[in-house]
Amino acid sequence: MTLPLLRRAAVAGSWYPSDPGALAREIDGYLAAVETVPAGRVLAVIAPHAGLMYSGPVAAYAYKLFTECEAEIVVLVGPSHFVGFEGVAIYERGAFETPLGAMPVAEHCAAAMALSSNKIRPHATAHVREHSLEMQLPFLKRVLSNAQIVPLVMGVQRRETVYALATALTSALKGRKALLVASTDLSHYHDADTAARLDGTVIEHVERFDPDGLMSALEGCPDHACGGGPTVSVMLAAKALGARDARILKYADSGDVSGDKDAVVGYLAAAFGTFDR
């Protein structure tokens, strides 16, 4: 399947408002409600990707850090929910549609990334319905309206693929004004207490800035996160690109919005960079 020049929004009007004004107001409201974020230089974040009303209040903590950035490129790495494949699917050219305006692909950076690893290749079908990257775009369009993106969707989250992607990210982004986003939700459809225990393992490894430990935990229990592999890749690349510190910004679950604590999805916002102590 050939890559179309414009990847159409798949979940606008269902997972988030399709009306530009309504969407901007909702995003701005979540950003305004963020209490505090660490001062310093951010290189990468973790952000959730559920319906905006559920995960938006958490994702805002990650994207609030971007409001003071001058990044030219944002690399988005998320899991594939609908298409099974080996490796990482890259969208090499064109743009992604959003109600707030299209976000162009950073084609030179995408090409460099595709050349850096045989694990990364075009796979248009993997992007057609995928929401893990799309749910990041309304926030990005509000806080970094002129940035370009490199969209990456990971298929089977094998250790070999995770580490190969981290190496490719490090190589392609060195010297560029770029930010990384790992798109992941945490545990799915457990009661809130069980979810908190499962999610706590991810939070512990993130807080310790321990991508290798997180990879081992995910191999032992994939239920910890749907985008665990992308998260490890981004953590490894952020560390290689100079990030020194990790910060947990916000944790919540879907029951905080729905009121149903019997079957929740966990959401995490975190950041990697060099932050003031």
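The values are calculated or read from the model by the stated rules, or taken from the named source; none is laboratory data. All figures in this text were calculated on a predicted structure; none of them were measured in a lab. Positions of Cβ are generated from backbone atoms using ideal geometry, with glycine treated the same way; all protein chains shown enter the neighbour counts. When the accessible area is computed, the model is the full protein with side chains, heavy atoms only, and any ligands, DNA or RNA have been set aside. Shrake-Rupley method; radii C 1.70, N 1.55, O 1.52, S 1.80 Å.
What to note about this one:
- Residue match in the range 77-99 (condition: under 22 Å from Val162 (Cα atoms), among the charged types (D, E, K, R) and in contact with a Ser or Thr (Cβ under 8 Å, 6 or more places away or on another chain)): yes
- Criterion violated by Glu219 - all others in (1) open to solvent by 20 Å² or more (accessible area, probe 1.4 Å); (2) under 30 Å from Met113 (Cβ atoms); (3) modelled with pLDDT under 95; (4) of a type outside the set (A, V, I, L, M, F, W, C) satisfied: (3)
- Long-range neighbours under 8 Å by Cβ, at least six apart or interchain, first residue of a type in the set (Ser, Thr, Tyr) within the range 65-83, second surrounded by fewer than 20 Cβ atoms within 10 Å (Cβ to Cβ) and assigned to a loop (DSSP other than H, G, I, E, B): Ser80/Gly155
- Checking every residue in the range 186-194 against the condition of being crowded, with 24+ Cβ neighbours inside 10 Å, closer than 15 Å to Met154 by Cβ and of a type outside the set (Ser, Thr, Tyr) gives zero matches.
Matching residues to (1) of a type outside the set (Phe, Trp, Tyr); (2) at pLDDT below 95; (3) within 17 Å of the chain's Cα centre (by Cα):
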| position | (1), (2), (3) |
| --- | --- |
| Leu3 | yes, yes, no |
| Ser14 | yes, no, no |
| Arg25 | yes, no, no |
| Leu43 | yes, no, yes |
| Gly56 | yes, no, yes |
| Leu65 | yes, no, yes |
| Ile73 | yes, no, yes |
| Leu100 | yes, no, no |
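- Evaluation of Leu115 against (1) under 28 Å from Leu65 (Cα atoms); (2) open to solvent by 60 Å² or more (accessible area, probe 1.4 Å); (3) out of contact with any Asp or Glu (no Cβ under 7 Å at 6 or more places or on another chain) (one fails), failing number: (1)
- Verdict on Ala102 being out of contact with any strand residue (DSSP E or B) (no Cβ under 9 Å at 6 or more places or on another chain), of a type in the set (Gly, Ala, Ser) and open to solvent by 30 Å² or more (accessible area, probe 1.4 Å): no
- Taking residues in the range 162-182 that are among the aliphatic types (A, V, I, L, M), and partners anywhere that are crowded, with 23+ Cβ neighbours inside 10 Å and assigned to a loop (DSSP other than H, G, I, E, B), the pairs with Cβ atoms closer than 8 Å and at least 6 places apart or on different chains are Val181/Gln136; Ala182/Gly227.
- Within this structure, Thr161 passes the test of being open to solvent by less than 60 Å² (accessible area, probe 1.4 Å), in contact with a Lys or Arg (Cβ under 6 Å, 6 or more places away or on another chain) and hydroxyl-bearing (Ser, Thr, Tyr).
- Arg197 without any contact (Cβ under 8 Å) to a residue 40 or more places away in the chain and either buried (at least 20 other Cβ atoms within 10 Å of the Cβ) or within 23 Å of Lys64 (Cα to Cα) (or both): no
- Residue in the range 23-43 that is farthest from Leu140 (Cα to Cα), counting only those that are open to solvent by 30 Å² or more (accessible area, probe 1.4 Å) and part of a helix (DSSP H, G or I): Ala33
- Residues that are closer than 24 Å to Pro17 by Cα and in a loop (DSSP other than H, G, I, E, B) within the range 139-186 comprise Leu144, Ser145, Asn146, Ala147, Thr184, Asp185, Leu186, listed in sequence order.
- Condition check for Arg197: assigned to a loop (DSSP other than H, G, I, E, B), out of contact with any helix residue (DSSP H, G or I) (no Cβ under 6 Å at 6 or more places or on another chain) and among the basic types (Lys, Arg): no
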